[in-house]
Number of protein chains: 2
Amino acid sequence: MYKVNGKEYQCSISIVQDIFNDKWKLGIIWHLMDGAKRYKELNEQVCDITQKTLTIKLRELEEHKIIQREVFAEIPPKVVYSLSHIGEKLRPILHAMYEWGIEYVKECGEFKEGATCESKLS
Amino acid sequence: MYKVNGKEYQCSISIVQDIFNDKWKLGIIWHLMDGAKRYKELNEQVCDITQKTLTIKLRELEEHKIIQREVFAEIPPKVVYSLSHIGEKLRPILHAMYEWGIEYVKECGEFKEGATCESKLS
DNA sequence: CTGCATCCTACATGATACTG
DNA sequence: CAGTATCATGTAGGATGCAG
(Lines give C-alpha, C1' and ligand atoms only; values in the text may rest on other atoms or scores of the structure.)
Protein backbone atom coordinates (compact mmCIF):
# COMPACT_ATOMS: atom_id res chain seq x y z
CA MET A 1 0.00 0.00 0.00
CA TYR A 2 1.32 3.39 -0.97
CA LYS A 3 0.08 6.80 -0.01
CA VAL A 4 0.88 9.84 -2.12
CA ASN A 5 -0.77 13.20 -2.52
CA GLY A 6 -3.52 12.19 -0.16
CA LYS A 7 -4.51 9.10 -2.13
CA GLU A 8 -3.90 5.44 -1.49
CA TYR A 9 -2.73 2.95 -4.07
CA GLN A 10 -2.39 -0.82 -4.06
CA CYS A 11 0.44 -0.86 -6.54
CA SER A 12 3.06 1.56 -7.71
CA ILE A 13 1.93 1.14 -11.31
CA SER A 14 -1.45 2.58 -10.38
CA ILE A 15 0.26 5.71 -9.10
CA VAL A 16 1.71 6.30 -12.53
CA GLN A 17 -1.59 5.44 -14.15
CA ASP A 18 -3.40 7.92 -11.97
CA ILE A 19 -0.96 10.78 -12.40
CA PHE A 20 -0.80 10.54 -16.17
CA ASN A 21 -4.39 9.62 -16.82
CA ASP A 22 -5.28 12.61 -18.94
CA LYS A 23 -4.87 13.95 -22.40
CA TRP A 24 -2.04 16.38 -21.86
CA LYS A 25 0.51 15.70 -19.13
CA LEU A 26 2.75 13.39 -21.13
CA GLY A 27 2.92 15.93 -23.94
CA ILE A 28 3.77 18.75 -21.55
CA ILE A 29 6.57 16.74 -19.97
CA TRP A 30 7.78 15.69 -23.39
CA HIS A 31 8.21 19.32 -24.39
CA LEU A 32 9.84 20.23 -21.08
CA MET A 33 12.47 17.61 -21.83
CA ASP A 34 14.02 20.22 -24.15
CA GLY A 35 14.70 22.31 -21.07
CA ALA A 36 12.86 25.01 -19.14
CA LYS A 37 10.12 26.78 -21.07
CA ARG A 38 7.75 29.68 -20.68
CA TYR A 39 4.01 29.39 -20.50
CA LYS A 40 3.56 30.73 -23.98
CA GLU A 41 6.11 28.39 -25.50
CA LEU A 42 4.29 25.42 -24.04
CA ASN A 43 1.01 26.82 -25.22
CA GLU A 44 2.37 26.92 -28.75
CA GLN A 45 4.26 23.65 -28.74
CA VAL A 46 1.76 21.36 -27.03
CA CYS A 47 -0.55 21.06 -30.01
CA ASP A 48 -4.09 22.38 -29.61
CA ILE A 49 -4.07 22.74 -25.85
CA THR A 50 -6.18 25.62 -24.54
CA GLN A 51 -4.85 28.15 -22.06
CA LYS A 52 -7.29 27.02 -19.42
CA THR A 53 -6.29 23.39 -19.70
CA LEU A 54 -2.59 24.17 -19.86
CA THR A 55 -2.85 26.16 -16.65
CA ILE A 56 -4.74 23.39 -14.88
CA LYS A 57 -2.29 20.71 -15.98
CA LEU A 58 0.75 22.80 -15.03
CA ARG A 59 -0.75 23.33 -11.57
CA GLU A 60 -1.38 19.62 -11.17
CA LEU A 61 2.14 18.71 -12.26
CA GLU A 62 3.49 21.29 -9.86
CA GLU A 63 1.41 19.96 -6.97
CA HIS A 64 2.67 16.48 -7.77
CA LYS A 65 6.21 17.90 -7.69
CA ILE A 66 6.99 16.71 -11.19
CA ILE A 67 7.70 20.19 -12.49
CA GLN A 68 8.91 23.45 -10.97
CA ARG A 69 7.48 26.91 -11.53
CA GLU A 70 9.72 29.94 -11.45
CA VAL A 71 8.34 33.46 -11.56
CA PHE A 72 10.43 36.43 -12.67
CA ALA A 73 9.39 39.82 -11.32
CA GLU A 74 9.34 41.57 -14.66
CA ILE A 75 6.98 43.52 -16.83
CA PRO A 76 5.68 41.85 -18.91
CA PRO A 77 5.43 38.80 -16.65
CA LYS A 78 7.77 35.88 -17.19
CA VAL A 79 7.10 32.41 -15.81
CA VAL A 80 9.28 29.43 -16.55
CA TYR A 81 8.50 25.77 -16.05
CA SER A 82 11.03 22.96 -15.78
CA LEU A 83 11.27 19.33 -14.76
CA SER A 84 11.95 18.58 -11.11
CA HIS A 85 14.39 15.96 -9.87
CA ILE A 86 11.77 13.22 -9.97
CA GLY A 87 10.39 14.65 -13.22
CA GLU A 88 13.78 14.26 -14.86
CA LYS A 89 13.64 10.58 -14.04
CA LEU A 90 10.72 10.24 -16.42
CA ARG A 91 13.05 10.95 -19.33
CA PRO A 92 14.02 7.34 -20.16
CA ILE A 93 10.39 6.28 -19.87
CA LEU A 94 9.22 8.92 -22.31
CA HIS A 95 12.02 7.96 -24.66
CA ALA A 96 10.93 4.34 -24.48
CA MET A 97 7.33 5.37 -25.14
CA TYR A 98 8.44 7.39 -28.12
CA GLU A 99 10.28 4.42 -29.57
CA TRP A 100 7.43 2.07 -28.84
CA GLY A 101 5.15 4.43 -30.73
CA ILE A 102 7.42 4.19 -33.76
CA GLU A 103 7.38 0.40 -33.53
CA TYR A 104 3.63 0.46 -33.16
CA VAL A 105 3.19 2.50 -36.31
CA LYS A 106 5.46 0.13 -38.18
CA GLU A 107 3.32 -2.81 -37.19
CA CYS A 108 -0.14 -1.33 -37.12
CA GLY A 109 -0.18 1.96 -38.98
CA GLU A 110 1.17 4.12 -41.72
CA PHE A 111 4.00 6.59 -41.73
CA LYS A 112 3.53 9.91 -43.46
CA GLU A 113 6.02 12.65 -44.22
CA GLY A 114 6.14 15.75 -42.13
CA ALA A 115 6.32 14.61 -38.54
CA THR A 116 6.82 17.87 -36.69
CA CYS A 117 8.04 16.57 -33.39
CA GLU A 118 11.74 15.85 -33.29
CA SER A 119 12.78 12.87 -31.28
CA LYS A 120 14.55 14.55 -28.34
CA LEU A 121 16.85 11.53 -28.28
CA SER A 122 19.86 13.82 -28.00
CA MET B 1 2.82 12.69 -39.27
CA TYR B 2 1.65 9.23 -38.34
CA LYS B 3 -1.62 7.51 -39.06
CA VAL B 4 -2.84 4.63 -36.92
CA ASN B 5 -6.27 3.18 -36.25
CA GLY B 6 -7.87 5.84 -38.40
CA LYS B 7 -6.38 8.74 -36.48
CA GLU B 8 -3.57 11.10 -37.28
CA TYR B 9 -0.82 12.10 -34.89
CA GLN B 10 1.91 14.74 -35.04
CA CYS B 11 4.28 12.80 -32.85
CA SER B 12 4.73 9.21 -31.82
CA ILE B 13 4.49 10.16 -28.16
CA SER B 14 0.93 11.34 -28.73
CA ILE B 15 0.03 7.90 -30.06
CA VAL B 16 1.03 6.38 -26.74
CA GLN B 17 -0.73 9.14 -24.87
CA ASP B 18 -3.91 8.54 -26.83
CA ILE B 19 -3.93 4.77 -26.51
CA PHE B 20 -3.33 4.72 -22.77
CA ASN B 21 -5.39 7.75 -21.86
CA ASP B 22 -7.80 6.01 -19.56
CA LYS B 23 -8.06 4.63 -16.09
CA TRP B 24 -7.62 0.94 -16.80
CA LYS B 25 -5.47 -0.12 -19.77
CA LEU B 26 -2.11 0.09 -18.04
CA GLY B 27 -3.41 -2.03 -15.20
CA ILE B 28 -4.83 -4.64 -17.55
CA ILE B 29 -1.56 -4.90 -19.43
CA TRP B 30 0.33 -5.04 -16.16
CA HIS B 31 -1.63 -8.08 -15.10
CA LEU B 32 -1.31 -9.73 -18.50
CA MET B 33 2.45 -9.51 -18.07
CA ASP B 34 2.11 -12.58 -15.85
CA GLY B 35 0.96 -14.50 -18.89
CA ALA B 36 -2.36 -15.23 -20.57
CA LYS B 37 -5.40 -14.83 -18.34
CA ARG B 38 -9.11 -15.46 -18.44
CA TYR B 39 -11.75 -12.77 -18.30
CA LYS B 40 -12.67 -13.63 -14.74
CA GLU B 41 -9.09 -13.58 -13.53
CA LEU B 42 -8.62 -10.10 -14.91
CA ASN B 43 -11.90 -9.04 -13.41
CA GLU B 44 -10.66 -10.13 -10.01
CA GLN B 45 -7.08 -8.91 -10.28
CA VAL B 46 -7.58 -5.49 -11.84
CA CYS B 47 -8.85 -3.83 -8.69
CA ASP B 48 -12.41 -2.48 -8.73
CA ILE B 49 -12.97 -2.66 -12.47
CA THR B 50 -16.55 -3.45 -13.47
CA GLN B 51 -17.43 -6.13 -16.00
CA LYS B 52 -18.75 -3.59 -18.42
CA THR B 53 -15.62 -1.47 -18.34
CA LEU B 54 -13.33 -4.50 -18.49
CA THR B 55 -15.11 -5.71 -21.61
CA ILE B 56 -14.86 -2.30 -23.26
CA LYS B 57 -11.15 -1.95 -22.48
CA LEU B 58 -10.34 -5.47 -23.64
CA ARG B 59 -12.13 -4.77 -26.92
CA GLU B 60 -10.19 -1.55 -27.38
CA LEU B 61 -6.85 -3.21 -26.64
CA GLU B 62 -7.74 -5.97 -29.09
CA GLU B 63 -8.69 -3.49 -31.80
CA HIS B 64 -5.40 -1.73 -31.25
CA LYS B 65 -3.67 -5.11 -31.59
CA ILE B 66 -2.00 -4.84 -28.21
CA ILE B 67 -3.64 -7.99 -26.88
CA GLN B 68 -5.01 -11.18 -28.40
CA ARG B 69 -8.30 -12.87 -27.60
CA GLU B 70 -8.63 -16.61 -27.83
CA VAL B 71 -11.97 -18.40 -27.48
CA PHE B 72 -12.26 -22.05 -26.50
CA ALA B 73 -15.37 -23.89 -27.63
CA GLU B 74 -16.24 -25.29 -24.23
CA ILE B 75 -19.06 -25.30 -21.77
CA PRO B 76 -18.76 -23.28 -19.62
CA PRO B 77 -17.16 -20.73 -21.93
CA LYS B 78 -13.45 -20.06 -21.75
CA VAL B 79 -11.82 -16.95 -23.15
CA VAL B 80 -8.18 -16.14 -22.71
CA TYR B 81 -6.39 -12.85 -23.25
CA SER B 82 -2.68 -12.38 -23.82
CA LEU B 83 -0.20 -9.76 -24.95
CA SER B 84 0.48 -9.51 -28.68
CA HIS B 85 3.92 -9.11 -30.20
CA ILE B 86 3.76 -5.33 -29.96
CA GLY B 87 2.08 -5.60 -26.57
CA GLU B 88 5.01 -7.60 -25.23
CA LYS B 89 7.26 -4.71 -26.16
CA LEU B 90 5.51 -2.60 -23.54
CA ARG B 91 7.04 -4.77 -20.85
CA PRO B 92 10.21 -2.72 -20.21
CA ILE B 93 8.16 0.47 -20.22
CA LEU B 94 5.77 -0.82 -17.58
CA HIS B 95 8.71 -2.03 -15.55
CA ALA B 96 10.26 1.41 -15.75
CA MET B 97 6.96 2.99 -14.71
CA TYR B 98 6.72 0.64 -11.78
CA GLU B 99 10.18 1.60 -10.60
CA TRP B 100 9.53 5.29 -11.16
CA GLY B 101 6.43 4.94 -9.00
CA ILE B 102 8.56 3.54 -6.18
CA GLU B 103 11.00 6.42 -6.54
CA TYR B 104 8.12 8.85 -6.58
CA VAL B 105 6.72 7.49 -3.33
CA LYS B 106 10.16 7.73 -1.74
CA GLU B 107 10.41 11.40 -2.65
CA CYS B 108 6.84 12.56 -2.36
CA GLY B 109 4.81 10.05 -0.39
CA GLU B 110 4.63 7.43 2.27
CA PHE B 111 5.11 3.71 2.14
CA LYS B 112 2.74 1.45 4.02
CA GLU B 113 2.86 -2.26 4.62
CA GLY B 114 0.70 -4.60 2.65
CA ALA B 115 1.22 -3.74 -1.00
CA THR B 116 -0.70 -6.45 -2.76
CA CYS B 117 0.76 -6.18 -6.20
CA GLU B 118 3.99 -8.10 -6.64
CA SER B 119 6.60 -6.50 -8.82
CA LYS B 120 6.55 -8.79 -11.86
CA LEU B 121 10.26 -8.02 -12.25
CA SER B 122 11.00 -11.69 -12.68
C1' DC C 1 2.40 37.73 -21.00
C1' DT C 2 0.18 34.82 -17.85
C1' DG C 3 -3.28 33.68 -16.38
C1' DC C 4 -8.68 33.31 -14.21
C1' DA C 5 -14.02 33.08 -14.58
C1' DT C 6 -18.04 31.11 -16.85
C1' DC C 7 -20.67 28.34 -19.32
C1' DC C 8 -21.25 24.13 -21.69
C1' DT C 9 -21.07 19.34 -23.52
C1' DA C 10 -19.36 14.70 -24.47
C1' DC C 11 -17.66 10.86 -22.88
C1' DA C 12 -15.62 7.66 -19.57
C1' DT C 13 -16.99 5.20 -15.84
C1' DG C 14 -20.10 3.25 -12.19
C1' DA C 15 -24.31 0.54 -10.44
C1' DT C 16 -27.26 -2.87 -11.23
C1' DA C 17 -29.72 -6.39 -13.44
C1' DC C 18 -29.99 -9.83 -16.92
C1' DT C 19 -28.49 -13.84 -20.51
C1' DG C 20 -26.69 -17.85 -23.56
C1' DC D 1 -18.18 -18.16 -17.43
C1' DA D 2 -18.18 -14.35 -20.17
C1' DG D 3 -20.33 -11.19 -21.28
C1' DT D 4 -24.98 -7.30 -22.56
C1' DA D 5 -28.34 -3.89 -21.49
C1' DT D 6 -29.87 0.25 -19.06
C1' DC D 7 -29.58 4.06 -16.48
C1' DA D 8 -27.13 7.58 -14.17
C1' DT D 9 -23.23 10.79 -13.16
C1' DG D 10 -18.90 13.39 -12.61
C1' DT D 11 -15.64 15.65 -14.64
C1' DA D 12 -12.16 16.58 -18.15
C1' DG D 13 -11.86 19.46 -21.60
C1' DG D 14 -13.46 23.17 -25.13
C1' DA D 15 -15.06 28.06 -26.24
C1' DT D 16 -15.02 32.54 -25.03
C1' DG D 17 -14.20 36.70 -22.59
C1' DC D 18 -11.86 39.40 -19.05
C1' DA D 19 -7.80 41.05 -15.87
C1' DG D 20 -3.35 42.48 -13.54
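The values are calculated or read from the model by the stated rules, or taken from the named source; none is laboratory data. All values reported here derive from a predicted model rather than from experimental measurement. Don't worry about glycine lacking a Cβ; one is built from the backbone with ideal geometry, like all the others, and counts go over all protein chains shown. Note: areas computed on protein heavy atoms with side chains; ligands, DNA, RNA excluded. Shrake-Rupley method; radii C 1.70, N 1.55, O 1.52, S 1.80 Å.
Odds and ends about this structure:
- When all alpha carbon pairs of the protein assembly as shown are counted in 10 Å bins from zero, the resulting P(r) reads 7, 29, 34, 22, 6, 2, 0, 0 %.
- Note: relative contact order over chain B, using C-alpha pairs below 8 Å and six or more positions apart, is 20 percent.
- Nearest-first distances (nm) between copies at A:E70, label 7 Å from Cα via Cβ: 5.4
- Charge dipole (debye, nearest 20) of chain B; +1 at Cβ of Lys and Arg, -1 at Cβ of Asp and Glu: 420
- Longest exposed-site-free window of chain B, the sites being GluC sites (Glu not before Pro) in a DSSP loop that have at most 14 other C-beta atoms within 10 Å: B:1-73
- Phi-derived couplings, Karplus 6.51 cos²θ - 1.76 cosθ + 1.60 at θ = phi - 60°, listed residue by residue for segment B:6-23: x, 10, 10, 9, 7, 8, 5, 5, 6, 5, 4, 3, 5, 5, 9, 7, 7, 7 Hz, with x used for Gly and Pro.
- Partner lysines for A:K78 [C-alpha distance under 17 Å; skip if fewer than 8 residues away on the same chain]: A:K37, A:K40
- Expressed as a whole percent, the accessible area of chain A that falls on carbon and sulfur atoms is 51 (1.4 Å probe).
- Taking every Cα-Cα distance in chain A and sorting them into 10 Å bins starting at zero, the pair-distance distribution P(r) comes out as 11, 38, 34, 14, 2, 0 percent.
- Averaged over its residues, segment B:1-120 has an accessible area of 51 Å² per residue, based on protein heavy atoms and a 1.4 Å probe.
- Each chain gives up part of its surface: B and A jointly bury about 4900 Å² of accessible area, both sides summed, for a 1.4 Å probe.
- Each copy carries B:N21; placing its label point 7 Å along the C-beta direction from Cα gives inter-copy distances of 1.6 nm, listed from smallest up.
- Shortest-first distances to equivalent copies, position B:E107, nm, label 7 Å out along Cβ: 3.1
- Computed over protein heavy atoms with a 1.4 angstrom probe, the accessible surface ordering of B:I75, A:I28, largest first, is B:I75, A:I28.
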